[in-house]
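The values are calculated or read from the model by the stated rules, or taken from the named source; none is laboratory data. Note that the structure is predicted; figures quoted are calculated from it, not measured. FYI the Cβ positions are ideal-geometry reconstructions off the backbone, even for glycines, and counts take in every protein chain you see.
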Amino acid sequence: MKLDSSISAVITGGASGLGAASARALSALGVKIALFDLNEETGAALAKELGGVFCKVDVTDEASVDAGFAKARAAIGQERILMNCAGIGDAIKTAGRNRETGEINHYPLDKFELTIQVNLIGTFRCIAKSAAGMMTLDPIDGERGVMINTASVAAEDGQVGQAAYSASKGGVVGMTLPIARDLAQELIRVNTILPGLFDTPLLAQLPENVRQALGAQVPNPARLGQPAEYASLALEMIRNPYFNAEDVRLDGAIRMAPR
């Protein structure tokens, strides 16, 4: 797909991190941008910077997603690009003991369900609704649209405490091929990126010595990934018309240890 001002993109989780980097990269090529996020202050500021539109969207809420797509399409037209970057994570063992009291507790199921709702169902919700919109478009150079999803290396080598996160991201990986097959006749491509340890707002909350230690675990280059590097891969997936139904690790060759 040729990227220019004739193309519109919706980016979930677009206010910061991987989503914001992708929005900047697409906007630099002229693509019109709509950002879906719950962080209204940051998202609105970035949308203003890029000349795009911000839509306050909760991907777990169908009415909110519908309203977001309606607002985005009214402002920049029907999107030909969807990037799913919205996501959450936590670290809780399936069952464990309190180190001080010895009390046994299991994973709070409401938190497990929320992770699945945001990372997996929220991603699919946006895919399904965006695909229906893309199907109304005429093809350009044999394509109606492209979708990029965000999983994680935790989909393949989840660590202690990542049962919910790994399940949600594994689901994103698992549905990439069948969705690509579902949408093939409609000329819509679907790919997924599995980022490793990236310098996102989540890791920015950690002390600098911890961040340095995490980066040192990466074989080569021995550092945290930069959001612009994620955006670079996303652009290639969008531009290359033969890139379809792929799940690609972007992780500096790391394979996560149990802890």
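Residues in the stretch 117-148 that are part of a helix (DSSP H, G or I), small (Gly, Ala, Ser) and touching a residue at least 12 places away in the same chain (Cβ under 8 Å): Gly122, Ser130, Ala131, Gly133.
For the stretch 149-159, filtered to residues that are among the aliphatic types (A, V, I, L, M) and not in a helix (DSSP H, G or I), the residue that is nearest to Ala131 (Cα to Cα) is Ala151. Filtered by the rule that a residue be out of contact with any Cys (no Cβ under 9 Å at 6 or more places or on another chain), closer than 20 Å to Leu202 by Cα and either of a type in the set (D, E, K, R) or buried (at least 24 other Cβ atoms within 10 Å of the Cβ) (or both), the stretch 57-92 gives Asp58, Met83, Cys85, Gly87, Asp90. Selection within the stretch 206-259: residues that are surrounded by 13 or more Cβ atoms within 10 Å (Cβ to Cβ) and of a type in the set (Lys, Arg). The member of this set that is modelled with the lowest pLDDT is Arg211.
Condition check ((1) in a helix (DSSP H, G or I); (2) closer than 22 Å to Ala91 by Cα; (3) not aliphatic (A, V, I, L, M)) across all residues:
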{"site": "Gly161", "(1), (2), (3)": "no, yes, yes"}
{"site": "Gly170", "(1), (2), (3)": "yes, yes, yes"}
{"site": "Ile179", "(1), (2), (3)": "yes, no, no"}
{"site": "Asp182", "(1), (2), (3)": "yes, no, yes"}
{"site": "Leu202", "(1), (2), (3)": "yes, yes, no"}
{"site": "Arg211", "(1), (2), (3)": "yes, yes, yes"}
{"site": "Leu235", "(1), (2), (3)": "yes, no, no"}
{"site": "Phe243", "(1), (2), (3)": "no, no, yes"}
